[in-house]
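Have a look at the structure below before the remarks.
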Amino acid sequence: MNFDKPIPVREIASWINARLIGNDQLALTGINEIHKLRAGDITFVDHPKYYEASLNSPASAIIVPAEMKYPDGKALLIAEKPFLAYKTIVEHFRIIEPLRTLDPTQEIDPSAIIEPGAIIGQNVRIGKDCHIQSGVVIRPYSYIGDRVTIQSGAIIGAQAFYFKKWPEQYQVWPGCGRVIIENDVSIGAGTTIAQGVSGDTIIGEGTKIDCQVMIGHGVVIGKHCILAAQVGIAGKTIVGDWCTLYGQVGIAQNHHIGDRVTVYAQSGVIKDLESGKTYFGSPADEARDKFKEMAALKGMAADYISNHGK
């Protein structure tokens with residue numbers, strides 16, 4: 001999430017009652033989790049496994065549970081529970097409040113068709129010549145481009161399925177990311193697109209999404225992709241341009257799918273996929289290799305039955 005204006009690191013430290021060491025002259029411009037950090041961001045880390053990655057990331061300020069070595073120019077904010085400090089910062093900007101369907105923060109182009117029964121929240125932008133069908137829910141901080149069609153029952157900006165694990169319970173991460181749907185996108189009935197946790201969930205220009213598709217938090221779908229029914233894409237995965245995902249394809253979190261990739265129906269993707277190739281199976285691999293493997297197994301089974309009977 002970007003802040004509306006730069007905020008002095010000393011001010012943020014006061015919000016979370018943190019001890020500030022390092023560069024106390026920083027002005028911070030946003031907050032992010034480790035996966036999408038940029039210069040000017042503040043982030044947090046509370047597990048030794050991720051200390052080095054966070055400290056050496058582009059982030060300018062890091063919330064940590066104890067004093068530790070850090071690169072020159074950065075700031076550390078020391079707080080007993082960094083996750084709760086992160087939560088406090090997010091909730092400073094994203095106060096939990098009821099969805100308001102008539103709100104001055106909405107920007108809806110007069111040419112857009114909004115059918116009766118569509119629910120549109122605050123801080124939503126809808127561009128020219130869009131068609132929002134009845135029963136659609138567009139939650140706050142969703143940005144819809146021009147000539148976008150969203151069919152009945154679709155939910156845009158659902159809460160991210162993302163939790164902090166404590167010894168005694170799971171605690172939901174507060175979301176401050178957005179959903180951005182670019183121009184000429186079509187979204188089918190019953191599809192759900194989750195908001196980003198701190199970054200944005202993005203559906204690229206010209207992409208067509210079928211019914212009953214699930215797009216997780218922070219996913220980025222490229223331009224002119226085709227997603228058939230019941231595709232599921234887990235959080236933080238990036239899909240390139242001109243990709244085709246057939247029905248019931250599942251993609252695990254934090255993967256990168258190259259441009260012009262095709263994945264056949266019911267495949268399960270648990271690794272990055274190279275551009276320009278076709279994949280199949282669970283776990284998915286190049287389709288030609290998978291088909292050869294299946295043919296070999298079929299031949300082995302036939303030989304076994306021939307030699308040993310059924």
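Points worth noting:
- Enumeration of residues in region 231-260 that are closer than 16 Å to I209 by Cα and of a type in the set (A, V, I, L, M): V231, I233, A234, I238, V239, L245, V249, I251
- Of everything listed in (1) more than 18 Å from the chain's Cα centre (by Cα); (2) in contact (Cβ under 8 Å) with a residue 24 or more places away in the chain, the single unmet condition for G177 is (1).
This table checks each residue for (1) at negative phi; (2) modelled with pLDDT under 95.
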site	(1), (2)
I89	yes, yes
T101	yes, yes
D109	yes, no
A112	yes, no
D129	no, no
G135	no, no
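- Residues in region 51-63 that are within 23 Å of G175 (Cβ to Cβ) and either more than 20 Å from the chain's Cα centre (by Cα) or in a loop (DSSP other than H, G, I, E, B) (or both): A53, S57, P58, A59, S60, A61, I62, I63.
- On the stretch given as region 45-97, residues that are more than 25 Å from D4 (Cα to Cα) and not hydrophobic (A, V, I, L, M, F, W, C) total 16.
- From the list D24, D46, the one residue that fits, being in a loop (DSSP other than H, G, I, E, B), touching a residue at least 24 places away in the same chain (Cβ under 8 Å) and crowded, with 16+ Cβ neighbours inside 10 Å, is D46.
- Hey, S142 in contact with a strand residue (DSSP E or B) (Cβ under 9 Å, 6 or more places away or on another chain), within 16 Å of T192 (Cβ to Cβ) and among the small types (G, A, S) or not: yes
- Selection over region 150-175 of residues that are surrounded by fewer than 18 Cβ atoms within 10 Å (Cβ to Cβ) and not aliphatic (A, V, I, L, M) gives a count of 13.
- Answer residue from region 64-87, given it is of a type in the set (K, R) and not in a helix (DSSP H, G or I) and is nearest to the chain's Cα centre (by Cα) among those: K81
- Residue in region 176-191 that is out of contact with any Ser or Thr (no Cβ under 6 Å at 6 or more places or on another chain), under 16 Å from Y86 (Cα atoms) and surrounded by 22 or more Cβ atoms within 10 Å (Cβ to Cβ) present: no
- Considering residues of region 54-77 that are out of contact with any strand residue (DSSP E or B) (no Cβ under 7 Å at 6 or more places or on another chain) and either in contact (Cβ under 8 Å) with a residue 40 or more places away in the chain or among the acidic types (D, E) (or both) only, the residue farthest from I89 (Cα to Cα): D72
- For region 133-170, taking the residues that are closer than 30 Å to E80 by Cα and free of Cβ contacts under 8 Å to residues at least 40 places away in the same chain, the one that is nearest to the chain's Cα centre (by Cα) is identified as Q159.
- Unique match (being in contact with a Ser or Thr (Cβ under 6 Å, 6 or more places away or on another chain), surrounded by 21 or more Cβ atoms within 10 Å (Cβ to Cβ) and not acidic (D, E)) among I233, I209, I215, I257: I209
The values are calculated or read from the model by the stated rules, or taken from the named source; none is laboratory data. Keep in mind the model is a prediction, meaning the values are calculated, not measured. Note that we place each Cβ from the backbone using ideal geometry, even for glycine, and neighbour counts take in every protein chain shown.
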